[in-house]
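A short reminder: the numbers here are calculations on the coordinates, not readings from a lab. None of the values given here were measured: they were computed from a predicted structure. In this analysis, Cβ positions are derived from the backbone assuming ideal geometry, glycine residues included, and neighbour counts consider all displayed protein chains.
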Amino acid sequence: MSDTLATARPEQPLSGLRMIEIGHSVAAPFCGQVLADLGAEVIKVENPDGGDDARHWGPPFVNGTAATFHSLNRNKRSMAVNLKNEEERAILEALIGESDVLVQNMRPGLMERYGLGANDLCARFPRLICCNLGAYGDVGPLRRHTGYDPLMQAFSGIMSVTGEPGRPPVRVGPSIIDQGTGMWCVIGILSALMGRAASGRGCRVDTSLFETGLSWMTVPIGNAVASGKEPGKSGSETPMLTPYRAFMAADRHIVIAAGNNNLFRRLVETLGHPEWAEDARFARNADRVANREELNAMIEEVVQTRPSDHWTQALDAVGVPCSPVNQVSEVLAHPQTKALGMVLPSGDPHLGLVATPLRFDGNRPKLRSLAPKPGQRSAEEDPVLTNG
C-alpha cells in the first residue's frame, strides 16, 4: 500500500491502488468497476458455488454470462473463496491486509461472523479503508434487514413521486438506488484515501441503499416540509416549473423545458402564439404552475400538428431546450454518443459497455479486460486467484 499512487496515465489516476470487492448484485460491483476503470487493481471475491448472482440475471446472456454482469464487472480480477473454509478465509484476510480498500455488501452480520467485520479489520490493519454498503444502514430498527433497488425506491418515497397521478407505483427504470449507492461508496473511499494521506490511518466508511434513496429525494422532501403537502406524482414534468414535460408531436413525444420567462417567450413565439407570454395566466412561472393543465393542453394542441424533427430544430434554433424521447438504439446510434466515446469497444457485437463518464486531459478510462470468469483454483497462480 502506498500514499503516492502511480499516475503514469492521467485516465488511470488510481493506478497502484488495490481494492478487494466482496460484493454481489449491483451496488458494490458498480463501485468496484468505477475504481477499476480509474486504474485501481480490483479483485472481486465470489462464492465458488456459482459466483455473483448477477452472473445469472438473464436473458440476455453473452458467452454464457448475463449481460448485466458484463456491464458491472469489467477491468477486474476474480477470486473464489468459500468463507466457511478457514484456510481460504485466512488467504483472503492476508490479501485484505495487503490492500488499500475493502468494499462489501454482504447480508448484515455475515462478515462479522467470520471475523471480517469492519471494526475487526480496521483494528488489525490500521491503514485499511473498509467500506460497508448495506440496505437500511448499520444502525436503527431495520439495520438487520436486507433490500434491493425496487424495495428502496418504494421505502424511500421515490415511487410516491414517480409515474402518472392516479396510476399504480412505477419503478424508475435504471437501478438508480444501486448505482447511486455505488457512487457514494466511490466518493467515500476517495475521501478516506485523502484522509489517510494526511493521517496515515484508514477508516470505516458506511453507506446504504436507503440513505441513497433519501439523498435522491432531497428536493421532494424539502418541498414537502416547506409546503406541508405530499409531493405526489407529476408524470414527466416537475412540480415547480411549467412547461417542463413531454408533449406529443405528430409522430412521437418530445420533452420541452422552458424553465424561465425568457425561454417561455421564445417557446410560444416559435409555436406561433406570442400573445401567450402576455396572458396574465402565464406571465410568470408561478402563474404557469397554477394554470399548468390549461397551458399544457394549449401547447400540446399546437405541437401535435408537426413532427418531432420540426419542433426540435425550430426550438433549438432559438435556444429553447428540447429533446425527442429516444429509444436505446437511437441513443447508441447518435453522433453525440459516438463523439464522446461513451460505448467502449469490446470486440464483441453483443456487448454494449457504457464507459465511465469522465475524461482526464481528454482521455477516457479504457476497457482493459472484460468481466472476469468465476475465480478458479490453480497451482500456477495464487491458490485462489485468477486473472479471469
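A few comments on the model shown:
- Cα centroid separation - segment 298-326 against segment 215-293, whole Å: 15
- Ranked by the mean number of other Cβ atoms within 10 Å per residue, highest first, peptides 359-371, 260-272 order as 260-272, 359-371.
- Whether segment 1-150 is rounded, prolate or oblate, judged on the alpha carbon gyration tensor where a/c under 1.5 counts as rounded: rounded
- Ranked by how many other beta carbons lie within 10 Å on average, peptides 163-172, 205-214, 282-291 from highest: 205-214, 282-291, 163-172
- Each peptide in 117-123, 10-16, 224-230 was scored by the mean count of other Cβ atoms within 10 Å over its residues; highest first, the order is 10-16, 117-123, 224-230.
- Span from the segment 97-146 Cα centroid across to the segment 346-360 one, whole angstrom: 31
- Only Lys, Arg, Asp and Glu carry charge here, each on its Cβ (+1 for the first two, -1 for the last two); on that basis the chain has a dipole of about 380 debye about its Cα centre.
- Residue order, fewest to most beta carbons within 10 Å, for Ile221, Ile254: Ile221, Ile254
- Order of Phe69, Phe125 - criterion: other Cβ atoms within 10 Å of each residue's Cβ, fewest first: Phe125, Phe69
- Here the Gaussian network model covers the chain, with springs between Cα atoms less than 10 Å apart; of Asp251, Asp53, Asp178, Asp251 fluctuates the most.
- Using C-alpha pairs under 8 Å with a sequence gap of at least 6, the mean separation divided by the residue count of segment 268-367 gives a relative contact order of 12 percent.
- Of the complete DSSP H runs in the chain, those spanning 30 angstrom or more by Cα along the long axis with a mean Kyte-Doolittle score not below 1.0 are 176-199.
- Sequence of Glu87, Glu237 once ranked by neighbouring C-beta atoms within 10 Å, starting from the fewest: Glu87, Glu237
- Computed over the chain: relative contact order in percent, which uses C-alpha pairs under 8 Å that are six or more apart: 18
- Taking every DSSP helix (H) stretch of at least 4 residues in the chain, weighting each as -39,500 (n - 2.57) and dividing the sum by the residue count yields a mean residue ellipticity at 222 nm of -10000 deg cm²/dmol.
- Contact order relative to length of segment 199-268, as percent, for alpha carbon pairs under 8 angstrom and 6 or more apart: 15
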